[in-house]
1. So which residues in the stretch 63-79 are in contact with a helix residue (DSSP H, G or I) (Cβ under 7 Å, 6 or more places away or on another chain) and either surrounded by 13 or more Cβ atoms within 10 Å (Cβ to Cβ) or on the phi < 0 side of the Ramachandran plot (or both)?
2. Looking at the stretch 103-114, I want the residues that are touching a residue at least 24 places away in the same chain (Cβ under 8 Å) and have a partner that is part of a loop (DSSP other than H, G, I, E, B) with Cβ atoms under 6 Å, at least 6 apart or on another chain. Which pairs are those?
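Readers should treat all values here as calculations from the given coordinates under stated rules, not as data from a laboratory. Model, not experiment: these values are computed from the prediction. All Cβ positions, even for glycine, are placed from backbone atoms using ideal geometry, and neighbour counts span all protein chains on display.
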Amino acid sequence: MISGRLHWGWVCLALLIITFTSGCRLDKPPQEVAQCFWDAMKVQDVENGRKYATTSTRTLVDTSGEQFKDAVVTFGKIVIDGDLTTIDTTVRLQKHGTETSIPFQTILVKEDGEWRVDYAQTKETIKEDDSFSGITKNLQELGGKLTKRMDEALGEIKQKIPEYEEKMKKLGDVASKKMDEALQRSMEEIKKDIEKLGEILDDYLKKEDGNDKEEKPESGVEL
């Protein structure tokens, strides 16, 4: 009877060991800890994300902004230097209707003998595509200025409509025809400008897409 109890005791102990040694653990190599960290960030799991961050940076792990939600994270070159590891990291996500790549470095340090993500240093290396953000910002500003100018112009036109109507009556059909032709020319110019802007944006997005395909993560560990 005692022998049987001992047998089942060893079986239970073995099961407990398997349970606690499976899944994402902090005593794994730095790349695996980084993978666990970003897996948690992708699914907005703040609690698990903080487990893989250093004690001093856990409070910085906040997914409320959904910056990395559903992102595709890939790793490149790994450099291990004593208690510091840097991993080239690329996050790909859908932004503004197209795929955007954000390259940065995941930085890990050893804390109590275990690798953890230093999220403060990692965040400092995260810089979104400035050119893309700049274009978006400029377009928004341009749209705001155009809207304002159009509103002002429409206000002036409304005020002058009675005056214009009186003058058009006096000038007759010839003047009306000339005004229609001038308006048509103006619309054509505006249409050409919009088409040109569209072509510029298309070329830019194609170029960015080509650059993303050319960038392939490197493998291996550099010591």
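1. Matches in the stretch 63-79: Thr63, Phe68, Lys69, Ala71, Val73, Phe75, Ile78.
2. Cβ pairs passing all conditions: Val109/Asp83; Val109/Asp118; Lys110/Asp83; Glu111/Thr54; Glu114/Leu26; Glu114/Asp27.
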